[in-house]
Protein chains: 2
Amino acid sequence: MSAEFQAWMKGVQSEIEIALKNFLPSAEQSPQQLHTLHEAMAYAVLDGGKRVRPLLVYAAGTLFDAPTELLSRAACALEMIHAYSLVHDDMPCMDDDALRRGKPTVHKKYGEANALLVGDALQAQAFLTLAEASTQSDNHRAMLALLAHASGSLGMCGGQAIDLASVGVALTRSQLEQMHQLKTGALLRASILLGAMSGKTLSSEENAALDAYAQAVGLAFQVVDDVLDATADSATLGKTAGKDAADHKPTYVSLLGLEASRALAEQLRQNAHQALDIFGVSAHYLRDLADLIVQRKA
Amino acid sequence: MSAEFQAWMKGVQSEIEIALKNFLPSAEQSPQQLHTLHEAMAYAVLDGGKRVRPLLVYAAGTLFDAPTELLSRAACALEMIHAYSLVHDDMPCMDDDALRRGKPTVHKKYGEANALLVGDALQAQAFLTLAEASTQSDNHRAMLALLAHASGSLGMCGGQAIDLASVGVALTRSQLEQMHQLKTGALLRASILLGAMSGKTLSSEENAALDAYAQAVGLAFQVVDDVLDATADSATLGKTAGKDAADHKPTYVSLLGLEASRALAEQLRQNAHQALDIFGVSAHYLRDLADLIVQRKA
């Protein structure tokens, strides 16, 4: 990983932290009765995570000189959707997790009812953040529709429903792949496409190339997640390690074994690089991100 | 209530039922693994309720000859937001209700985890439904932002958070009013404004008049809800009657008494009528709806 990429990444990450603060309702300014809700929303979103989705938005945005305001709003909207999904996913009726990003989960800290509302309100805030962009873009409506589609029952929520129904069930590799394409893949794909669409309306060739990249990276992300869940410890991950195996959830490691899973991740990394060929050198951040996603340790 | 208004209302209600079916993902066509999620989403939305929000959308839309497609999408989006909020509100960690619209609540029928996902997916589906409108409108982005704002932490979710924090607490009348303005008022107001905005960009005078109407009708809706909760039986309401009192929730009836609550509702009905004066005779459906909301028996 080049020093230039690392500096770019740190720059985006700190820009996103500031932007998220701006786009969230401030706990101090809100009516006193909403103080706890707004504090809990900030707790769920700020100061955590690698910001993979925002990084993908910005990396894809650089391909087409996308205006910063729209990129920043798209990135924050995706991060709010991601954060709300973690809050709900951690709840007792779902994964029942106590630890997230090294901190108590939202329902542990603020109670279940508040966690439910925090997630609901964050989803609305995501759409508000993207809808309120002042940048004029012909794509704006299509971007909002893409975000909604990727978040809904044929995207992330659908993937979680399949995940839920798959506990203790032996999935085939293609069923496992379909689940992850919805559960995490849809939002990662949306990150890449929204970043690019912030800059211009995509040609079908550009769309297909970004889609192929998104598919490879999305799948790689999940394969690596499964490998880390099986091999890293909770302190490194910032969440409970070994949880999937303990919950009898199907994973790439349980299906293919550890070495084949690692080889698959490497193959997908190469596929991601190939998909970017048509963009030439200007896709370098997207290439670096594919490397980062496969080679990360947490 | 005139026969013409009743016929119009029935027409809108059956149009909305068909439109909701169209805008929801079909359980039959979806991937088999998503069958249950999509069936449960339809269960939560279809064949239930008085469709007050869609009626307000259509009534306000007639003021400015709004195109049907946009009206129908706005109405369905609002109804999906409303339906998701009921699904989450009924869950054990919130109101823990077993009965809704005379049927078992979603978590009773499909389990808690599915209920959580049904609500999440319905919220996304609401934004998708409005974002995918093919009608060109300069207001479209503002409409999406208004929907998001009315649904989020400074709207419906915020009201529910205050509601949650108010169990067993003695609220003043103005605190109770603020809670309801967010909890139910924000979405009713959005219904009226989205209906009007489907037709044109509102002048500040038009906006203020519709806002005054919305405020009166929104409050009246809640006052009547409290009266009915205290006086009607579960079979008539299609939900558990007397629940608020049993839960020690502050209501208009507990604060003002039954007769004063009824008088307040009537006063608000008259305020709603007055607010519509600037629109003359073309606001007749909005007037009739104010009457309906105050005079309903369930």
Quick one: B:Leu146 ticks every box in (1) surrounded by 23 or more Cβ atoms within 10 Å (Cβ to Cβ); (2) within 15 Å of the chain's Cα centre (by Cα) except a single one, so which number is it? (1)
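Yes or no, residue by residue, for (1) modelled with pLDDT under 95; (2) surrounded by fewer than 23 Cβ atoms within 10 Å (Cβ to Cβ); (3) at positive phi:
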residue: B:Met9; (1), (2), (3): no, yes, no
residue: B:Gln13; (1), (2), (3): no, yes, no
residue: B:Glu28; (1), (2), (3): yes, yes, no
residue: B:Leu34; (1), (2), (3): yes, no, no
residue: B:Glu39; (1), (2), (3): no, yes, no
residue: B:Gly49; (1), (2), (3): yes, yes, yes
residue: B:Leu56; (1), (2), (3): no, no, no
residue: B:Asp65; (1), (2), (3): yes, yes, yes
Where residues in region B:196-211 are within 14 Å of B:Leu56 (Cα to Cα) and out of contact with any Pro (no Cβ under 9 Å at 6 or more places or on another chain), which of them is surrounded by the fewest Cβ atoms within 10 Å (Cβ to Cβ)? B:Asp211
Looking at region B:6-43 only, could you name the residues that are outside any helix (DSSP H, G or I) and more than 10 Å from every other protein chain (Cβ to nearest Cβ)? B:Ser26, B:Ala27, B:Glu28, B:Gln29
Mind telling me which of the residues B:Leu37, B:Leu71 ends up being more than 30 Å from A:Asp95 (Cβ to Cβ) and of a type in the set (A, V, I, L, M)? B:Leu71
Residue check, B:Ala113 more than 19 Å from the chain's Cα centre (by Cα) and within 8 Å of chain A (Cβ to nearest Cβ): yes
Every residue from region A:72-127 that is touching a Pro at 6+ places or on another chain (Cβ under 9 Å) and surrounded by 24 or more Cβ atoms within 10 Å (Cβ to Cβ): A:Ser72, A:Ala74, A:Ala75, A:Cys76, A:Leu78, A:Glu79, A:His107, A:Ala121, A:Gln125
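Results for (1) within 23 Å of A:Ala27 (Cβ to Cβ); (2) among the basic types (Lys, Arg), shown as yes or no for each residue.
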site: B:Leu130; (1), (2): no, no
site: B:Thr135; (1), (2): no, no
site: B:Asn139; (1), (2): no, no
site: B:Ala145; (1), (2): yes, no
site: B:Ala165; (1), (2): yes, no
site: B:Arg189; (1), (2): no, yes
site: B:Leu194; (1), (2): no, no
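Taking region A:60-72 as the region of interest, how many residues are assigned to a loop (DSSP other than H, G, I, E, B) and under 19 Å from A:Glu17 (Cβ atoms)?
0
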Residues satisfying the stated conditions in region B:86-98, i.e. more than 14 Å from B:Gly49 (Cβ to Cβ) and in contact (Cβ under 8 Å) with a residue 24 or more places away in the chain: B:His88, B:Met91, B:Met94, B:Asp95, B:Asp97, B:Ala98
Return only the number of the condition from (1) away from chain A (no Cβ under 12 Å); (2) among the β-branched types (Val, Ile, Thr); (3) assigned to a loop (DSSP other than H, G, I, E, B) that B:Val57 does not satisfy. (3)
Filtering region A:15-26 down to residues that are surrounded by fewer than 17 Cβ atoms within 10 Å (Cβ to Cβ) and under 26 Å from A:Ala113 (Cα atoms) yields A:Lys21, A:Asn22, A:Ser26
Run down B:Arg141, B:Arg173 and say which single residue is surrounded by 17 or more Cβ atoms within 10 Å (Cβ to Cβ), farther than 20 Å from A:Glu112 by Cβ, among the charged types (D, E, K, R) and touching a helix residue (DSSP H, G or I) at 6+ places or on another chain (Cβ under 7 Å). B:Arg141
Exception for A:Gly49 within (1) farther than 27 Å from A:Ala113 by Cα; (2) more than 13 Å from every other protein chain (Cβ to nearest Cβ) falls at (1)
From the list A:Ala121, A:Ala83, A:Ala77, A:Ala115, exactly one residue is without any contact (Cβ under 8 Å) to a residue 60 or more places away in the chain and within 25 Å of B:Ala150 (Cβ to Cβ). Which is it? A:Ala83
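Table: residues versus (1) of a type in the set (A, V, I, L, M, F, W, C); (2) facing chain A (nearest Cβ under 9 Å); (3) closer than 15 Å to B:Asp211 by Cβ.
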position: B:Gly158; (1), (2), (3): no, yes, no
position: B:Ala161; (1), (2), (3): yes, yes, no
position: B:Gly168; (1), (2), (3): no, no, no
position: B:Arg173; (1), (2), (3): no, no, no
position: B:Met179; (1), (2), (3): yes, yes, no
position: B:Gly195; (1), (2), (3): no, no, yes
position: B:Ser198; (1), (2), (3): no, no, no
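The values are calculated or read from the model by the stated rules, or taken from the named source; none is laboratory data. Just so we're clear, the structure is a prediction, and the values are computed from it rather than from any experiment. Note that each Cβ is placed from the backbone with ideal geometry, even for glycine, and that neighbours are counted across all protein chains shown.
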